[in-house]
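The values are calculated or read from the model by the stated rules, or taken from the named source; none is laboratory data. Please read all numbers here as calculations on a predicted model, not as lab measurements. Note: ideal-geometry Cβ built from the backbone for every residue, glycine included; neighbour counts use all protein chains shown. For accessibility, only protein heavy atoms count, side chains too; no ligands or nucleic acids. Shrake-Rupley method; radii C 1.70, N 1.55, O 1.52, S 1.80 Å.
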Amino acid sequence: MRTSFNGSSSDPRAVAYARATINLASRDVRIEDVPCRNLEDVLGGFGRSFQILAERTITHAFTPDNPLIVNTGVLTASNVMTGLRTYFSAYSPLKVSNKGLPAAMWSAGSCKFGPKLKWTGLDEVILEGRAEVPVYLVIRHSEQGPQIAFEPADDLLGLTCHEKIMWLRDRYADAHFAVIGPAGEHYEDCYIASVALSTENQLRSGDDKCRWAGRGGMGAVMGYKRLLAIVAQAPDRIAKLKPEIRDINKAASTGPGSRKFREKDKGGLGGTWSNYEPLEKFHFVPQNNFRPAGDGKPELMFRDHVQPEFVVKAESCFRCGINCHKNVYEKNADGTRGAFLAKFDYEPVNLLSTNLGIHDPRKAATLISMVDRLGMDNISLGTTISYVMDYNERHPDAPILNGATFGDFDKARELVEGAATGRFPKVGRGVKRLSESLGETGYAMHCKGLEFPAYQPDTNPGYPWAIAGGHMSMATYMALALEGNTSLDYWAKLITERGLYFVRDDLLGLCKFAGITGDHVVEGLKHESGFEMTPAELLAAVRRAFVRALWLERKQGYDRSDYTLPSEVFDRPNPNLGVPPFVTREFFSQLSDRVWAVFDREIDEMAKA
């Protein structure tokens with residue numbers, strides 16, 4: 001980014017960002033400095049990309065007019081710890097209104113691709129059109145500015161995500177990579193395809209340790225555009241660490257914001273995998289398509305139960321001191337670390353094991369690794385497979401697809417492979433479309449076309465107002481387990497006054513796991529870029545970005561009927577949950593009225609502006 005302050009270091013119009021607009025069909029490239037219009041432009045991420053998407057009229061995700069926007073946040077590549085994020089934004093093939101129109105969506109991934117992209121001299125890339133043949137892009141830093149080249153991708157076709165990255169690693173030094181797998185190549189049948197980002201650990205060790213821009217089918221959009229990979233090649237440009245930033249990073253790596261994700265011997269709770277314990281205390285851990293049985297089986301996937309059989313090593317993204325990755329390895333006979341198996345986070349572990357009736361960590365590792373290699377979102381895929389199993393349990397005389405039922409690992413593995421390769425498009429296109437085709441939507445666990453993460457809808461009436469996935473864009477998913485409040489007033493305020501600000505870091509380029517305070521964000525912004533703002537101005541910009549996303553949903557045909565929960569939440573309350581059912585139709589109707597009384601006013605004000 002470039003600044004030209006003239007007296008005020010708080011004027012967004014004094015900031016410009018570097019953008020490359022690339023037409024994949026004509027291979028025309030335009031590189032320009034774009035002046036910022038507002039604080040959201042300065043901050044970046046979805047705060048900027050959704051303003052661009054708002055200017056488009058898109059009725060189908062797979063059209064040349066649907067741009068794929070790859071951008072960074074203002075603190076990506078900075079010395080502020082976890083400033084590593086890259087954002088992929090487009091109209092999603094998966095997130096759709098009941099009227100069938102695609103919704104704007106973003107997905108974020110960490111590690112070094114984002115900094116490398118920024119070090120080429122670009123803050124943002126807009127990919128227009130569709131290539132005539134499969135290609136990959138090489139974006140290079142040069143003394144004359146960013147250089148962009150198109151390369152034939154024939155040798156990449158059919159390779160897994162990890163294989164693509166290794167192939168590119170051997171040809172491009174000092175670079176990082178964003179790739180799609182076989183799922184993205186089969187985009188017409190797999191809307192849940194993701195974008196894999198290379199990591200320092202992966203390039204160094206050769207192990208399959210990608211990071212992911214997972215949600216919403218951004219890999220499918222990239223596949224439609226016949227773009228198999230992006231190479232960002234540039235020397236590292238790391239500035240000298242200022243004392244003020246050192247203090248911010250120390251607070252982030254040792255303070256309460258990151259405690260959940262650090263190892264227990266570092267004063268932490270053990271990472272997202274540790275969510276199993278507090279949730280299972282109330283029987284909130286999803287089982288058999290989000291229907292906890294209260295039988296204790298989720299305990300079989302607790303870390304303390306799994307660890308004796310394997311080696312679990314806490315590892316990290318580039319220059320991060322939190323070490324949130326819980327990588328699982330074989331344990332050799334002498335107790336030393338063997339082959340890498342998979343990264344265990346709570347969501348993929350639950351949705352590809354416990355929620356499928358599978359309680360074997362080795363089988364879970366196999367499914368997680370397989371999903372990663374093929375390039376799919378484990379949340380959307382796992383939740384759709386659990387619906388298939390549930391349907392088949394309810395219809396034993398007329399099962400669908402391969403007849404998979406809960407606990408059948410071999411058939412689950414077959415569904416994973418078939419979703420990625422086009423054999424099972426009903427799985428690859430997500431649970432909303434599958435359930436509607438079968439006429440049984442009541443136990444299809446999604447809102448607005450995005451499958452639920454591993455948190456019970458019975459315990460989270462805030463799901464419908466999440467704008468980009470239920471646990472990354474609305475901080476209500478753990479509220480009942482942590483705070484225990486079921487009052488209407490509490491939930492209305494949680495959604496409209498607290499939960500929405502969880503998207504703050506999806507503008508900035510930071511990782512949510514750091515839990516950096518607002519004061520530290522604005523201090524870091526001042527020292528890293530020279531731009532000054534107050535914490536209140538930061539929150540106001542975040543709120544505008546969130547409300548703009550709701551306005552974009554309305555633009556794409558969303559109405560009150562889209563903002564609901566699966567009907568079985570209301571009609572078939574689960575007696576095994578450790579709290580009395582509270583998400584009744586009456587409660588949810590009153591909550592909706594309260595929430596929309598706030599958001600409707602703000603959407604109307606934004607539309608008039």
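Please determine whether any residue of segment 475-482 is small (G, A, S) and under 17 Å from the mean Cα position of the chain (by Cα). Within segment 475-482, one or more residues are small (G, A, S) and under 17 Å from the mean Cα position of the chain (by Cα).
Exactly one residue out of G375, G418, G422 is farther than 22 Å from N98 by Cα, in contact with a Gly (Cβ under 6 Å, 6 or more places away or on another chain) and small (G, A, S): that is G375. Which ones in segment 553-566 are closer than 15 Å to P464 by Cα, touching a helix residue (DSSP H, G or I) at 6+ places or on another chain (Cβ under 9 Å) and assigned to a helix (DSSP H, G or I)? Those that are closer than 15 Å to P464 by Cα, touching a helix residue (DSSP H, G or I) at 6+ places or on another chain (Cβ under 9 Å) and assigned to a helix (DSSP H, G or I): E553, R554, R560, D562.
Taking the condition over 30 Å from F424 (Cβ atoms) and open to solvent by less than 30 Å² (accessible area, probe 1.4 Å), does I192 pass? When the stated conditions are applied, I192 does not pass them. Please go through segment 344-392 and give me each residue that is over 26 Å from I165 (Cβ atoms) and free of Cβ contacts under 8 Å to residues at least 40 places away in the same chain, ordered by number. Result: N392, single match. Candidates D506, D562, D593: the one that is open to solvent by 60 Å² or more (accessible area, probe 1.4 Å), of a type in the set (D, E) and out of contact with any Leu (no Cβ under 9 Å at 6 or more places or on another chain) is D593.
Tell me, which residue of segment 338-364 that is part of a strand (DSSP E or B) and farther than 24 Å from S253 by Cβ is most open to solvent (accessible area, probe 1.4 Å)?
This residue is A339.
Taking segment 271-286, which residues are surrounded by fewer than 23 Cβ atoms within 10 Å (Cβ to Cβ) and touching a residue at least 24 places away in the same chain (Cβ under 8 Å)? Let's see the steps before the verdict.
Step one: list which residues in segment 271-286 are surrounded by fewer than 23 Cβ atoms within 10 Å (Cβ to Cβ), which gives 272, 274, 277-278, 280-283.
Of everything in segment 271-286, those that are surrounded by fewer than 23 Cβ atoms within 10 Å (Cβ to Cβ) and touching a residue at least 24 places away in the same chain (Cβ under 8 Å) turn out to be T272, S274, E277, P278, K281, F282, H283.
For segment 140-183, a tally of residues being over 21 Å from L203 (Cβ atoms) and either open to solvent by less than 10 Å² (accessible area, probe 1.4 Å) or outside the structural domain of K209 (by TED's automatic domain parsing) (or both) returns 1.
If you go through segment 504-545 and keep only what is outside any helix (DSSP H, G or I) and touching a strand residue (DSSP E or B) at 6+ places or on another chain (Cβ under 8 Å), you end up with G509, L510, G530, F531. Take segment 524-535 and flag every residue that is out of contact with any helix residue (DSSP H, G or I) (no Cβ under 6 Å at 6 or more places or on another chain) and open to solvent by 50 Å² or more (accessible area, probe 1.4 Å). Within segment 524-535, K526, E528, T534 meet the criteria. Yes or no: segment 408-429 includes at least one residue that is of a type outside the set (S, T, Y) and in contact with a His (Cβ under 6 Å, 6 or more places away or on another chain). Yes, segment 408-429 contains a residue that is of a type outside the set (S, T, Y) and in contact with a His (Cβ under 6 Å, 6 or more places away or on another chain).
Can we say S487 is closer than 21 Å to W551 by Cβ, out of contact with any Pro (no Cβ under 9 Å at 6 or more places or on another chain) and among the small types (G, A, S)?
So S487 fails the test.
Here the condition is being in the same structural domain as Y387 (by TED's automatic domain parsing), farther than 30 Å from Y443 by Cβ and among the aliphatic types (A, V, I, L, M); of L279, L241, L228, L269, it holds for L269 alone. Take R548 and tell me if it is part of a helix (DSSP H, G or I), farther than 30 Å from S9 by Cα and charged (D, E, K, R). It is false that R548 is part of a helix (DSSP H, G or I), farther than 30 Å from S9 by Cα and charged (D, E, K, R). Taking the criterion of being touching a helix residue (DSSP H, G or I) at 6+ places or on another chain (Cβ under 8 Å), touching a residue at least 24 places away in the same chain (Cβ under 8 Å) and open to solvent by 40 Å² or more (accessible area, probe 1.4 Å), would at least one residue in segment 219-235 satisfy it? Among the residues of segment 219-235, at least one is touching a helix residue (DSSP H, G or I) at 6+ places or on another chain (Cβ under 8 Å), touching a residue at least 24 places away in the same chain (Cβ under 8 Å) and open to solvent by 40 Å² or more (accessible area, probe 1.4 Å), which makes the answer yes.
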